Amino acid sequence: MQQNCKRYALVTGGSSGMGLEYVKMLAERGYNVIIVALFQHETDEVAARMAELWPDLDFLSVGMDLSSADAPRRVFETIARERPEAEIEVLINNAGMLHAMHFRNMAPEKISSIIMVHNHATAMLCRYFMPSMLERGKGYIMNISSLAAWFPFPFLTTYASTKSFVRIFTRALRTECRRTGVKVSSIYFGAVDTPLVGLSPRLSRIARGLGVMITPQAAARRALRMMFHGRSGRIPGLVNKVAWLAAPLIRPWIIGPLDHAVTKKFNLK
């Protein structure tokens, strides 16, 4: 393997769904890629497949449970040990999870894990990798939020609230990094057709046809285009934009019946 440059991108949740698309598209742009995901055998498999497609690039596989408090530090130390010359130019905090159930019935460990992955890992990975970007005067950070960050969905309580943290955290960090050469972005997708959502093929086709869901390929392409142009705060899709405009009008007396209907239809707990 010939390593043509020190430029690396780090993608969390990079073994499947939208994260895998980021890995591919960043490789197409000439980046060596560090693939972080929960299971080592999955990141190993993705790294091997990518190396076949781009033999002149380097793909480092890091299996890591980001719900662990020391996981961001261990990711940082692993990269420093395995690729000491790597310059992390792109950081994409994409790893995520979704538990569709009422908070009162959610296991404590699930509550902890989603907060740690969405909030703790995102903030700490920024803290570990941003200083070197600032020192070089160039870098890109993208934190994946969600349209849910504006909606108090009762059966997505932890998901919506943790994505709201990502939204505010990224906006503040973006302000801190103005005129430094480091571009900090966040994007607010509605539904993306990934295993995280878990719809049947039929429902996925209907949702995509109605414009309320997009493919992971389209989502990743839009997000990267936005990030590399230094933009932030995009909400892809007309339906999603309309929903965002309506979000401030939503009150508990509207959400309550919706909660009951959805809980009954999808047998949510």
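The values are calculated or read from the model by the stated rules, or taken from the named source; none is laboratory data. Since we're looking at a predicted model, the values are computed, not measured. Note that each Cβ is placed from the backbone with ideal geometry, even for glycine, and that neighbours are counted across all protein chains shown.
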Is it the case, given these coordinates, that Y22 is over 23 Å from S113 (Cβ atoms), among the aromatic types (F, W, Y) and either modelled with pLDDT of 95 or more or assigned to a helix (DSSP H, G or I) (or both)? no
Qualifying residues in region 89-122 (those that are at pLDDT 95 or above, small (G, A, S) and crowded, with 17+ Cβ neighbours inside 10 Å) - the one nearest to the chain's Cα centre (by Cα): A95
Just to be sure I understand, how many residues within region 17-43 are small (G, A, S) and closer than 18 Å to W54 by Cα? 3
State which residue pairs qualify: first residue in contact (Cβ under 8 Å) with a residue 12 or more places away in the chain and in a loop (DSSP other than H, G, I, E, B) and inside region 83-99, second residue surrounded by fewer than 24 Cβ atoms within 10 Å (Cβ to Cβ) and among the basic types (K, R) in any location, beta carbons under 9 Å apart, and separation of 6 or more residues or different chains. R83/K6; E85/K6; A86/K6; A86/R7; M97/K110; H99/K110
